[in-house]
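Shown next, in structure tokens, is the structure this report addresses.
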Amino acid sequence: MSKHIFITGGVVSGLGKGITGSSLGVLLKNSGLKIFMQKFDPYLNIDPGTMNPIEHGEVFVTNDGGETDLDLGHYERFIDVNLTKSSSYSAGRIYADALDIERQGGYKGKTVQVIPHITNLIKSKIYEVEKNNDYDVIISEIGGTVGDIESQPFLEAIRQIRMEKSKENVLFIHIALLPYLKVSNEFKTKPIQHSVKEMLSLGLQPDIIVARSEFSFEDKLKDKISSFCNVPKENVIECSDSDSIYKVPLIVQKSNMHKIVAKQLNLSLKDTDMSQWNSFVDNINASTEEVEITIVGKYVELSDAYLSVIESLKIAGYDLKHKIKLKWVNSRRISESNYEEILKDSKGILVPGGFGEEGIEGKICAAKYARVNNIPYLGICLGMQVACVEFARNVLNLKDASSTEINPNTNNPIIDILEGKNTKDIGGTLRLGAYKTTLLDNTLAKELYNSNEVIERHRHRYEFNNKYKEKFESNGMVFSGIYVEKNLVEIIEIPKNKFFIACQYHPEFTSRPNKPNPLFKGFIKSIIKNVQ
Ligand code: GLN
């Protein structure tokens with residue numbers, strides 16, 4: 001039987017529940033336990049797949065093709081486990097399932113209600129993971145903040161789980177803000193007290209309280225939180241801001257949170273081996289030199305829209321003892337008339353994924369600038385598609401070359417929808433999840449991956465049109481990675497250039513601390529070399 005840890009948030013959102021939860025996950029995993037993580041989001045969208053990246057951040061894709069919340073990226077990078085669709089549920093998904101059951105007569109004419117029907121479905125998503133696997137601990141984060149109307153069914157479900165399974169099997173961690181008031185030079189525990197009061201009114205008593213503060217605070221505040229919130233003093237954990245999220249597991253280790261958890265849940269821990277994590281943090285501390293990267297994207301207003309790309313760049317940089325300095329360029333603002341001016345100081349250009357026609361022409365200009373000026377280029381998904389369109393227009397001289405995503409009527413659809421694919425629905429019609437790419441001999445891709453094949457995750461609708469392949473090849477482009485089963489182009493490169501590579505998949509989803517995705521590492525290495 002798995003043990004359960006539920007993480008809730010109090011006072012404000014954005015306190016890093018995901019980071020704290022996955023830090024605890026790292027510690028438990030490195031103490032010999034098998035860990036799984038889940039996220040429950042209170043919003044009513046079925047999944048984040050069709051949500052605006054500027055509002056919601058990136059869509060993280062799991063191996064099995066789940067389109068999930070970006071917190072799953074943190075979970076995977078921290079606990080180094082490939083999660084699945086059953087790691088991410090929104091209220092919308094739960095309600096949609098309930099309504100399906102109702103339409104099929106599954107509730108046998110009963111009145112369908114939040115309690116018990118919705119709460120039972122939430123519990124079933126947690127129990128399903130437990131039943132079908134042998135995880136020692138399942139850590140589940142409840143999105144939002146305690147007190148939100150939308151999150152109430154989730155909180156009621158976890159209250160019932162605690163009642164059904166008891167305190168030895170179910171533990172609650174509440175992460176809440178401990179604000180510091182500059183004028184009076186003091187921390188205020190009242191918001192935490194109110195937040196715990198709110199939890200108590202829902203029948204939930206936290207076992208551990210994590211006080212998230214801007215700075216470290218005096219020990220006596222723990223006494224106060226302890227007595228007002230009914231938890232032993234050692235279960236009040238200080239977590240002040242850190243200059244890197246990757247240092248949080250070490251903060252959590254110092255607080256002994258994993259040991260407190262193990263004691264209550266009756267788990268036996270082996271000696272916690274954080275040597276690998278420590279060496280990663282040593283690399284972070286040793287990364288003093290900077291490497292500058294220009295990202296040309298259209299969701300640049302919110303860096304979370306490219307979270308895994310940024311973390312992959314950082315992780316690859318640390319491996320080379322370099323700090324990443326990002327220069328953001330909004331592709332909507334670039335055109336044929338200004339791109340040279342805007343991109344003139346770029347040391348390396350990365351064009352990430354994206355959807356829709358808007359901003360694509362600017363990305364095409366960015367690919368052109370990198371190719372013509374022999375600047376390291378890494379294209380991801382749409383970043384590969386624009387590099388192909390640019391090559392067709394300016395090297396093959398097919399002036400109207402395009403992607404049918406930009407111009408459905410082009411005479412030269414370099415990037416196109418595969419025949420027979422449904423294009424009407426925007427939700428759930430993409431090539432999603434892990435596919436195998438076979439790498440060709442004597443290519444940069446093969447050199448970087450140092451392997452014959454590689455499995456990477458996809459999230460796109462359009463593909464390279466094989467009709468143009470020969471023409472591209474005879475003009476210097478190499479198709480170095482292929483999804484053989486369907487003969488689809490996965491990687492392109494231009495060997496004449498120092499480093500020009502782009503892939504149809506999303507390499508950013510497989511970078512892990514100490515294990516950067518090879519494309520990111522190769523890209524950064526080439527920039528460092530180029531600048532020297
Ligand atoms: N919009 C493109 C497609 O659907 C690229 C998608 C992406 O970059 N993730 O194929």
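Can you give the local net charge around residue 180? Use residues other than it whose beta-carbon is closer than 14 angstrom to its beta-carbon, Lys and Arg +1, Asp and Glu -1.
Values: positive: 182, 188, 190, 212; negative: 186, 214, 218, 238, 241.
Computed value for this residue: -1.
How do the peptides 216-228, 380-392 rank, highest first, by the average count of neighbouring beta carbon atoms within 10 Å per residue? Write down the numbers at each step before the final one.
On the way: 216-228: 14.5, 380-392: 26.4.
Top to bottom by mean Cβ count within 10 Å: 380-392, 216-228.
Geometric descriptor of the range 455-532, per residue, is 102 Å³ (volume of the convex hull of the Cα atoms). Computed with a 1.4 Å probe over protein heavy atoms only, the accessible surface of the chain comes to 42 Å² per residue. Cα centroid separation, the range 478-514 to the range 342-395: 15 Å.
How big is the antiparallel share of DSSP beta bridges in the chain, given as a percent to the nearest 5?
Details: 27 of 78 bridges.
Percentage antiparallel, nearest 5: 35.
Amide hydrogen proximity for residue 38: with H placed 1.01 Å from N in the peptide plane, the residues at 5 or more positions away or on another chain lying under 5 Å are 139, 140, 141. Over all pairs of different C-alpha atoms in the chain, the reciprocal of the mean inverse distance, the Kirkwood hydrodynamic radius, equals 24.8 Å. Its convex hull of Cα atoms gives the range 264-368 a direction-averaged projected area, equal to a quarter of the hull surface, of 10.1 nm².
Taking each pair of different alpha-carbon atoms in the range 34-142 once, compute 1/r for the pair, average those values, and report the inverse of that mean as the Kirkwood hydrodynamic radius in Å to one decimal.
Working: mean 1/r = 0.0675 Å⁻¹.
Computed over Cα pairs of the range 34-142, the Kirkwood hydrodynamic radius comes out at 14.8 Å.
What is the Cα centroid distance between the range 55-113 and the range 147-216, reported in whole angstrom? Taking the Cα centre of the range 147-216 as reference, the centre of the range 55-113 is 24 Å away. Applying 1/(1 + (r/R0)^6) with R0 = 60 Å to the Cβ-Cβ distance of residue 197 and residue 357, what FRET efficiency is obtained, to the nearest 0.05? Between residue 197 and residue 357 the formula returns 0.75.
Model label sites at residue 531 and residue 496, defined 7 Å from Cα along the beta-carbon direction, differ in position by 2.8 nm.
Would you please give the FRET efficiency between residue 134 and residue 184, computed as 1/(1 + (r/R0)^6) with r the Cβ-Cβ distance and R0 = 41 Å, to the nearest 0.05?
Working: r = 52 Å, r/R0 = 1.27.
Between residue 134 and residue 184 the formula returns 0.20.
Panel note: the C-alpha atoms of the range 149-206, placed on their principal axes, show extents of 47, 27, 14 Å (largest first).
Hey, any idea what the orientation-averaged projected area of the convex hull of the range 202-341's Cα atoms comes to, in nm²?
Answer in nm², one decimal: 13.0.
Here residue 1 and residue 241 are evaluated by their C-beta separation; at R0 = 30 Å the FRET efficiency comes out at 0.20.
The values are calculated or read from the model by the stated rules, or taken from the named source; none is laboratory data. These figures come from a predicted structure and were not determined experimentally. Counting neighbours? That spans all protein chains shown, and the Cβs are built from the backbone with ideal geometry, glycine included. Calculation scope for accessible area: heavy atoms of the full protein, side chains included, ligands and nucleic acids excluded. Shrake-Rupley method; radii C 1.70, N 1.55, O 1.52, S 1.80 Å.
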